[in-house]
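Read the structure below first, then the notes.
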């Protein structure tokens, strides 16, 4: 589904990604871990097409298409979704209105009929329950006055409603207490196991901590350092990291790089 | 700086879609202003003597006035010797009696503007008094209105058919001495609309007027007078578009509203005059005096405006709350793009007891636009328990625009409660990115945020205008960023 080869990217002239390779197949969950400044969030932003990041080298193929030639909204419509670390607030636009606009924009892109208010609400309300969100938050302005946990859950709600093929969760666990973390994980697992299309979906979890992986079990774990993936393995790698810290891995990684 | 910014700049630069000129012979006076021009205007309109006398007094007063300079507007001095003060479509000397008699070019112009007069009027149940240049060319639904005793006609017709009403109310809210542009309007106004709703009558339909400026260098001086007698109700809509012109065109309208005991007047405007091109060339100069007088107890006057057009907007729809328990409302969205300038707001003058007023102003600036809210809340010494709530929000799109708020508050009674809230916000690149990451296009993102910002005002518009207003915002702003 996703194939990243030798990706180099920079922001304001500072190179952040230095030859990143990653391959994600449908149905897989990949966790990307790494210390601060290793390029984890940059990867999410580059995949989404954020205008501040310039790709200087390498390629990203998504379902065979060159992702880098697509605009931000085209990528979204093709099925790339990023749950942001710091979701933005937008005054005056209600959550439900935003979701409807987003869903119908994507449906239009795929030449599907737009959902009317009734069908749409039905769909949203069932998803709201899955993430344990209060329904009234739907009618508030986007993320305005939401708590940290509510914002993160709102991102997951958007994911559940939009049903992307590839969901990139950028430190969705940061700033969450254990109850909120469980709810978020529950939402992600529902997305993953959705009987209708679970096999066609993939998830990239960007996280600092192993904690999240207790609730969302990854198929692969990658360690990102200095803009490259320096080690890959199964779930046991995350446990090893948790125990020994990044430092234990890095000298080996650096010498092998 | 970024791809998204460049897109937005291109988007902001969308051209005015209503720019075309109808080829019509016009019967115009030579340019310039003097007493003889005023006498000719009055004579051509076959006005009674009191009108001519009033115009001449206004002209004499205007000569003593200086152009006001207190606003935050910058524009070259207007040469009044270059302005044609009267032009009328020539085709029918006696005036058309039905749509069949109207010149096909005029009808086509309305078609292009999306105003299929007959259909639209019938379908929407709206009586349209269409003003083409200075003379009304069509009035519909008059009969239905006449059945309930509502008079709705062109100002010239009102002067001929109902001189006693005109004489009784003309200039009682905006006297010719009020200000420079009001004096000019009083001297030379060519036409406009007149509406009279008798006691206890609820006007059975929304009243609507479409203005359109067409003749080269013709200043438009409209005058509207609406009188709502005791216990009556009327809702009036006004919408405007104009063709592209290189020369700046002057528009100085006056609107007077009078509400007696328990009467209510709602006045809504969607204004979309040519704003000038990307470089600030052309565009309408709009100097308007709009004022309502709540003369009776429990009277209510509400102004709603959506201003997206004009190069220069100078406009302060106001309410004088003279009757006890009377209410004034002002809901405004003003948008400036490219080099547009707007200095707009309201005055709420509390005189009677227990009077209350609400001001909701939403200013949007994009491109090099400059948007100023200027408002006065005045509570007089007799105005016991006066209440005012004001909210002024500004939204900036891009780096080169500006927003200013000038609230004036004068309170002369200790029981008054006056609240003022103001915010300034910006559509940021990050907000755009966030929405676009969910699959929403840049254009739709901007209009979604703008509509969210304007919602409180759009809600006050009659349904058909709310839809038009949203479309207008999209056209006027196609894609701006912060």
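Nothing in this text is a laboratory measurement; each read-out follows from the coordinates by a stated rule. It should be emphasised that the depicted structure is a prediction, and the values quoted were computed from it without experimental measurement. Heads up, the Cβs are rebuilt from the backbone with ideal geometry, glycines too, and the neighbour counts pull from every protein chain shown.
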- request: Restricting things to alpha carbons, find the Rg to Rh ratio for chain A using the Kirkwood radius for Rh.
  value: 0.96
message: When a/c reaches 1.5 or more, the comparison of a/b and b/c decides; with that in mind, is the range B:309-365 rounded, prolate or oblate per its Cα gyration tensor?
response: prolate
query: Once you wrap a convex hull around the alpha carbon atoms of the range B:269-340, what is its projected area averaged over all directions, in nm²?
result: 4.4
query: What is the P(r) of the range B:280-409, as percent of Cα-Cα pairs per 10 Å bin from 0?
result: 15, 42, 27, 13, 3
- prompt: To the nearest Å, what is the center-to-center distance of the range A:94-128 and the range B:256-304, using C-alpha atoms only?
  reply: 38
The range B:303-363: relative contact order in percent, alpha carbon pairs under 8 Å with at least 6 residues between: 43
- request: In a Gaussian network model over chain A where Cα atoms closer than 10 Å are linked, find which of A:125, A:200, A:244 has the largest mean-square fluctuation.
  value: A:244
message: Tell me the angle of helix A:235-244 to the major Cα principal axis of chain A, expressed in degrees between 0 and 90 and rounded to the nearest ten.
response: 60
task: Compute the Rg/Rh shape ratio of the range B:353-409: radius of gyration over Kirkwood radius, all on alpha-carbon atoms.
output: 1.16
- prompt: What fraction of the DSSP beta bridges in chain A is antiparallel, stated in percent and rounded to the nearest 5?
  reply: 60
- request: Just check the range A:147-226 against the gyration tensor rule for me: Cα atoms, a ≥ b ≥ c as the square roots of the eigenvalues, rounded for a/c under 1.5, and otherwise prolate or oblate depending on whether a/b exceeds b/c.
  value: oblate
query: What percentages, rounded to whole numbers, describe P(r) for the range B:216-370 computed over all alpha carbon pairs with 10 Å bin width beginning at zero?
result: 12, 39, 29, 15, 5, 0
statement: Computed over the range B:244-323, the relative contact order (Cα-Cα under 8 Å, seq sep at least six) in percent reads 38
field: Between the range B:315-350 and the range B:419-476, the Cα center-to-center distance that results, in Å
entry: 21
statement: By the C-alpha gyration tensor axes a ≥ b ≥ c (rounded if a/c is under 1.5, else prolate when a/b exceeds b/c, else oblate), the shape of the range A:27-176 is oblate
statement: Between residue B:63 and residue A:25, the two model label points (7 Å from Cα along the beta-carbon direction) sit apart by a distance in nm of 9.5
- line: Relative to chain A, whose Cα atoms define the longest principal axis, helix A:178-193 and its Cα axis are tilted in degrees, nearest 10, by 80
- prompt: Mean shadow of the range A:199-246, computed from the convex hull of its alpha carbons, in nm²?
  reply: 3.8
message: If a paramagnetic tag sat 7 Å from the Cα of residue A:57 along the Cα-Cβ line, which residues of the range A:15-42 would have the backbone N under 17 Å from that point?
response: A:15-22
statement: In degrees rounded to 10, the 0-90 angle between helix A:117-130 Cα long axis and the longest Cα principal axis of chain A is 50
query: Given a cut-off of 20 Å, what percent of all Cα-Cα pairs of the range B:356-482 lie beyond it?
result: 53
message: Sort B:176, B:86 by Cβ crowding within 10 Å, fewest neighbours at the top.
response: B:176, B:86
task: Quick one: give the max-minus-min coordinate of the C-alpha atoms of the range A:101-161 along each principal axis, largest first, in Å.
output: 36, 18, 17
